[in-house]
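Beneath this line is the structure, given in C-alpha cells, with notes to follow.
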Amino acid sequence: MILKNRGVREHGTQRLAALDGLRAVAALGVLLYHVADWSGRPGRFAHGYLAVDFFFCLSGFVLAHAFERRDIGWPAYLRIRIVRIWPLLVLSTLIGAVLTSRHSPPFWPNLVRGLLLVPRLGHPVEYTFPTLFPFNPPAWSLCLEVVVSALWFPLRRAPDMLLAATVLVSGGVMLWVALGLNGVETGWDQATFWLGLVRATFSFSLGWLCWRYRELAPRPRLWLPAIVLLAALVLPLFPRGPAPWNGIYDYACVAVLFPLVVLAGAHDPQGAAGAVCRTTGDLSYPLYALHWATWAVMLRLYADGWKPLLPVWFPALAVIVAPVVAWIAFRFYDAPVRRWLRPAP
C-alpha cells in the first residue's frame, strides 16, 4: 500500500502496477461480501473476508519490495506508514462517530482510540464479540497491519531461516484456528484480537517470503490471477460436515493460493492494462477504508429506515456509490493531504 505515485518509481523502487489492480479486486470482494451481509443476504460472496488475508500478504510483499534494501531509519519508515494510512482513517472514524455516537458509548475514549488506531481491548461478556473500533469497524485489519509491519521493519533483513520459522509457527497456529473454527475469519473483535495478530503475521510473512523468492514465479497474463482471486472470494461457504471443509479451503487460499497470486502479479504492465491497474489501485484503499461509513450514511438517508432484509436495489446501489465516494475522497482529500504531509525531498 506504499507505492502510490503516478510515476514508475517511488522511494527508488519500481511500482508493481499489477499488484495495484489485484488489490482493487480484493477491495471489491470485501465490498460485495459486506453489502450482501449487511442487507440481510449472508452467504452471498461468502469468502470475501479472505480479502483481508490477501491484503496482509500483499503488504508483506510490497513493503519488502520498497524497504528491505532501502537505507532508512525506523522513525522515517513509521512516518511514511502514518502518512499513507491516517488521513482516510481519520475521515472514516469521524463519520462513524457522528452517525453512531449514541450507540457506542463512551464517546470520547472510543473516538480517541479510533483516531489513534488503538484497539478497544478488555474482557467481553461471554458469547459476545464486541468490535475493536466502535466508530469504524473495518479499522481492525488496518490496526493489525500497522502493528505487524512496524515490528517487521527492524527484522526486514533477517535471514531466511528466521523468516521460515515465523511462517511455520504462525502457519501452524492458523491451521489449528482454521480447523477449529471451520475458517480463518477471526481477529476483528475483542475476544480474538490476539489470534488476529497471528493471522496478520502469517500472511504478511508469506508475502515477505514471496518477495525473497520472486524470481522463481511465472508471469501469466494479468486477467488470470485477477479472475482466480475474485472467484476465490465469491465462492459459497462449504457446508458443515464431518470434516471442516470450509476451514481447509480458507487455509489453502491463505497459505498457497494468495501467495501465488501475489507472485503472478509482481510486474508493471504497460499500456491500457497498466493504466487500469494504477487507477483502480489508487481507489482500493479509499474503497476499503470508507465502504462501511458510506453504507452507514446511505442507511441514514434511506426513507423506509433500516430493515433486516433490505430490497435488492439498495446493496446494488451501494456497489455503485461506494467506489464513487472512494474516488472523490482520494481525489479531493486523501491525495492532497498526503502530499501536504509528505516531507520535502
* Once both labels are modelled 7 Å past Cα along the beta-carbon direction, what's the residue 70-residue 303 spacing in nm? -> 5.1
* Taking Cα atoms of the range 290-345, Rg/Rh with Kirkwood Rh, to two decimals? -> 1.19
* What is the log10 of I(q)/I(0) for the chain, computed with the Debye formula using one identical point scatterer on each Cα and no solvent, at q = 0.11, 0.16 Å⁻¹? -> -0.71, -1.68
* **Cα shape, the range 63-123, gyration tensor, a/c 1.5 rule** => prolate
* Structure fact -> Extension length gain for residue 231 and residue 312 (0.36 nm per residue less Cα distance), in nm, is 27.0 nm
* Asked: All other residues with a Cβ under 15 Å from the Cβ of residue 143 taken together, and with Lys, Arg as +1 and Asp, Glu as -1, what is their net charge?
  -> +3
* Let me have the 222 nm mean residue ellipticity of the chain computed from DSSP H runs of 4+ only, each contributing -39500 (n - 2.57), with the sum over all residues rounded to the nearest 500. => -20500 deg cm²/dmol
* **Highest-first arrangement of 88-97, 274-283, 162-171, where packing means the average Cβ count within 10 Å** => 88-97, 274-283, 162-171
* To do: Would you mind telling me which residue in 259, 244, 124 has the biggest mean-square fluctuation in a Gaussian network model of the chain, where springs connect alpha carbons within a distance under 10 angstrom?
  => 124
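Tell me, rounded to the nearest percent, the portion of alpha carbon pairs in the range 156-310 spaced more than 20 Å apart.
On the way: 7738 of 11935 pairs.
Percentage above 20 Å: 65.
Read-outs throughout are calculated quantities, based only on the coordinates presented, and are distinct from any laboratory measurement. Quick caveat, the model's predicted, so the values are computed rather than measured. Positions of Cβ are generated from backbone atoms using ideal geometry, with glycine treated the same way; all protein chains shown enter the neighbour counts.
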